[in-house]
Amino acid sequence: MAVVPLRPGRAVGRLLPLLCGGVRSKGASLSPGVPGRLTQRRYKKDVLPSPEGPVPSVSITEIRQYLRAQGIPFHDGYSCLHTPSLFTDAREDQPPAATNPPYTLFIDKTTGSFLCTATLAEGTWQDFQANVELQHRGIPPASLEEDTRQAREDARCIWDRALPLSELLDEDETNNTKAMFGISLVTDATLKRFGVRYLRTAKSLVFPWFSPRDATLKGLKLVRVEKKGDAIAYVEETLPRFDSYHNLFGLPLISRRDTELVLTGWELDALALHQATGVASLALPRGSTCLPPALLPYLEQFKRITLWLGEDLRSWEAAKLFARKLSLKRCSLVRPGDLQPRPLEALNQGLNLTKILRAALPASHKSIVSFRQLREEVFGELVNTEQVAGIKWARFPELNKLLKGHRRGELTIFTGPTGSGKTTFISEYALDLCMQGVCTLWGSFEINNVRLAKIMLTQFAAQRLEDQLELYDEWADRFEDLPLYFMTFHGQQNIKTVIDTMQHAVYMYDITHVVVDNLQFMMGHEHLSVDRIAVQDYIVGAFRKFATDNTCHITLVIHPRKEDDEKELQTASIFGSAKASQEADNVLILQDRKLMTGPGKRYLQVAKNRFDGDVGVFPLEFSKASLTFSSTGKSKVRLKKMKEEKALLAKKAPEGGLGAAKKAPEGDSGTSKKP
């Protein structure tokens, strides 16, 4: 039976009327539209700073200098600097510089943000400096812990109704439930140790989020099974909302003496690992999607961390990125394979999990490697050709036939005539991937974020919400759970500012796809006195380097040259020099008329594909109501017909080798129709 990868479901708040009987204390409702309960729209989606009001950056050198100047002791960790907390009550008889102060406050070396694990106070580097000043004045520091009282009350309501699996009265129900989740070999003792419960009304396993400070319940994750034919999908729902759920499942069980850890991408994997090996095991809250920097302080005590996130190449790529945050020198990775599936599957297959952990590969490597070191990775790509090809588009199956998928580390150039719908198409193109868990950052310099978000929400809902405003909150809640972020830039911007913001986003949110619309807005007034072509080449080169260095896919929109409207656009039509098309891995062109069926139609042309060389075109039909370009079944027939005609042209081309065959389609259209 096939297993569909984990995906987030709708907010747990929608279960509250069922689980809590409609009773709720005062506060904003998580489930809009429920009679007799308060509702409040929440706009909590993070946006990245604009140049008008950015969060000031800080270097590790500046942090160290400030701490020394203030007389604050510290020592270097893997990802953070460790200092005594400003937020714990110091004993009056304790000298200011104690011999062994409790180092419970952690300052992120990359961003300067801090977290006190003793009080859970957190904030930016500027917040830290402000509290140091307050302390010098004798004013108690302000607590920066977010008020999550309502979320905790809702979580407690669900938690109280859930039962340990061992307490279900019917033994058959217990066995059937375990079989449904694939945990028949996981013992009741292991489930009890990790506090896992079962919620009958939702047919879901319940995983608690306990505070490491006082073991109070801070939130929940519910996982249920959905069957689709022969495949099963595990649907996750969290409280609080998905983007605020920062749990490390299993953290309260970690001892201060533990120095080795295995990080997994799923709570059930952590259960299987601990039961089979006895090692300290934690599960990331969002699987292989993201490692929030707020969790890094809790991982500082470990001298060795093994990342075993899943069984596909997507998890493997994520593990390599997470190892950078955690410090490569202390990380090892379990490479996915038939003999090294995810931990739960390995337990069910009777594999030796301890042996698999011992075979983990070090994340750090030397600048020069031999083929022997690459041999297994090459074999992995040969075995998993579909996964290597990248993530498939759900709305554009014809695009999958040409590009094969969306891959990290590539640069895609996208162009099309003015007014052809470039922004509308590229928003759906990116939304399609984002809905499949691709963390996406949008940089829209041409239209503002409100208008862009409106377009994407309409495409997401596939309907005009203006005519059904009562559905707005429901669709907005679902849309808000997507791993989607926006840069707050608008108009002309400096390339350095944009790259710095992208770098920040990759670190904070594990962004793997950046959309920049468009390049011309980064060639501002400051460049009027220099060669604009040279400036464009520099910008394209900067994006190319960023994509490679950060294993992040960049889609860059570039306007075409001013050409005859009667002519089809070509790769050479891209504004500027040939560097853009040379640096790009893929070149996509949105044409506003078809070559073979006459004017008035739009189609997408793949003009370059470095992955396997396949190029071609397929028609698009625009729906004004849903603002979508999603292709239909007719597209497949036309695409097949065009491929057949292209093959026919190649057969009828004059002898003279490959070059002659390539030139045949580019000649007079009348020539291609000769018998």
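The values are calculated or read from the model by the stated rules, or taken from the named source; none is laboratory data. As the structure is a prediction and not an experimental result, all values here were calculated from the model. When we count neighbours, we look across all protein chains shown, and the Cβ atoms used for this are built from the backbone with ideal geometry, even at glycine. Ligands, DNA and RNA are excluded from the accessible area calculation, which covers all protein heavy atoms including side chains. Shrake-Rupley method; radii C 1.70, N 1.55, O 1.52, S 1.80 Å.
Here are some notes:
- Of the residues in the stretch 243-250, not one is surrounded by fewer than 16 Cβ atoms within 10 Å (Cβ to Cβ) and touching a strand residue (DSSP E or B) at 6+ places or on another chain (Cβ under 6 Å).
- Of everything listed in (1) surrounded by fewer than 22 Cβ atoms within 10 Å (Cβ to Cβ); (2) in contact with a strand residue (DSSP E or B) (Cβ under 8 Å, 6 or more places away or on another chain); (3) not hydroxyl-bearing (Ser, Thr, Tyr), the single unmet condition for CYS439 is (1).
- Yes/no for ILE533 being open to solvent by 10 Å² or more (accessible area, probe 1.4 Å), of a type in the set (A, V, I, L, M) and more than 18 Å from the chain's Cα centre (by Cα): yes
- Members of the stretch 397-422 that are in contact (Cβ under 8 Å) with a residue 40 or more places away in the chain, within 21 Å of ALA547 (Cβ to Cβ) and not charged (D, E, K, R): LEU399, LEU402, LEU403, HIS406, GLY409, LEU411, THR412, ILE413, PHE414, THR415
Each row is one residue, and each column tells you yes or no for (1) open to solvent by less than 70 Å² (accessible area, probe 1.4 Å); (2) in a helix (DSSP H, G or I); (3) modelled with pLDDT of 80 or more.
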residue: LYS355; (1), (2), (3): no, yes, yes
residue: GLU377; (1), (2), (3): yes, yes, no
residue: TRP393; (1), (2), (3): yes, no, yes
residue: LEU399; (1), (2), (3): yes, yes, yes
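- Qualifying positions in the stretch 185-194 - hydroxyl-bearing (Ser, Thr, Tyr) and either in a helix (DSSP H, G or I) or without any contact (Cβ under 8 Å) to a residue 24 or more places away in the chain (or both): THR190
Yes or no, residue by residue, for (1) at negative phi; (2) within 29 Å of the chain's Cα centre (by Cα); (3) among the charged types (D, E, K, R):
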{"residue": "ASP170", "(1), (2), (3)": "yes, no, yes"}
{"residue": "THR177", "(1), (2), (3)": "yes, no, no"}
{"residue": "PHE181", "(1), (2), (3)": "yes, yes, no"}
{"residue": "ALA189", "(1), (2), (3)": "yes, no, no"}
{"residue": "VAL196", "(1), (2), (3)": "yes, yes, no"}
{"residue": "PRO212", "(1), (2), (3)": "yes, yes, no"}
{"residue": "GLU237", "(1), (2), (3)": "yes, yes, yes"}
{"residue": "PRO240", "(1), (2), (3)": "yes, yes, no"}
{"residue": "LEU253", "(1), (2), (3)": "yes, yes, no"}
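- The number of residues in the stretch 269-308 that are touching a residue at least 40 places away in the same chain (Cβ under 8 Å), open to solvent by 10 Å² or more (accessible area, probe 1.4 Å) and among the hydrophobic types (A, V, I, L, M, F, W, C) comes to 3.
- The residue pairs whose first member lies in the stretch 241-268 and is in contact (Cβ under 8 Å) with a residue 12 or more places away in the chain, whose second member is of a type in the set (D, E, K, R), and whose beta carbons are closer than 6 Å, counting only pairs six or more residues apart or on different chains, are PHE242/ASP481; PHE249/GLU267; THR259/LYS303; GLU260/ARG304.
- Among the residues making up the stretch 51-108, those that are exposed (fewer than 15 other Cβ atoms within 10 Å of the Cβ), modelled with pLDDT of 90 or more and β-branched (Val, Ile, Thr) are ILE60, THR61.
- Qualifying positions in the stretch 195-234 - part of a loop (DSSP other than H, G, I, E, B), closer than 20 Å to GLY287 by Cβ and touching a helix residue (DSSP H, G or I) at 6+ places or on another chain (Cβ under 6 Å): none
- Any hit, the stretch 578-588, residues being part of a loop (DSSP other than H, G, I, E, B), open to solvent by 20 Å² or more (accessible area, probe 1.4 Å), at pLDDT below 75 and not basic (Lys, Arg): no
- Test: residue in the stretch 274-283 that is closer than 14 Å to VAL334 by Cβ and in a helix (DSSP H, G or I): yes
- Residue within the stretch 484-499 that is within 23 Å of PHE622 (Cβ to Cβ), β-branched (Val, Ile, Thr) and crowded, with 19+ Cβ neighbours inside 10 Å present: no
- Considered as a group, the residues in the stretch 113-135 that are free of Cβ contacts under 8 Å to residues at least 60 places away in the same chain and under 19 Å from GLY71 (Cβ atoms) include one that is surrounded by the fewest Cβ atoms within 10 Å (Cβ to Cβ), and that residue is GLU133.
- When ARG304 is tested against (1) closer than 20 Å to SER79 by Cα; (2) modelled with pLDDT under 95, just one condition goes unmet, and that condition is (2).
- For the stretch 379-391, taking the residues that are open to solvent by 20 Å² or more (accessible area, probe 1.4 Å) and in contact with a strand residue (DSSP E or B) (Cβ under 8 Å, 6 or more places away or on another chain), the one that is nearest to GLY613 (Cα to Cα) is identified as ILE391.
- Among residues of the stretch 379-391 being assigned to a loop (DSSP other than H, G, I, E, B) and not aliphatic (A, V, I, L, M), the one that is nearest to GLY409 (Cα to Cα) is GLY390.
- In the stretch 210-222, of all residues being in contact (Cβ under 8 Å) with a residue 60 or more places away in the chain and more than 16 Å from ASP269 (Cα to Cα), the one that is most open to solvent (accessible area, probe 1.4 Å) corresponds to ARG213.
- Output for the stretch 401-432, where each listed residue is among the hydroxyl-bearing types (Ser, Thr, Tyr) and open to solvent by less than 50 Å² (accessible area, probe 1.4 Å): THR412, THR415, SER420, THR423, THR424, SER427, TYR429
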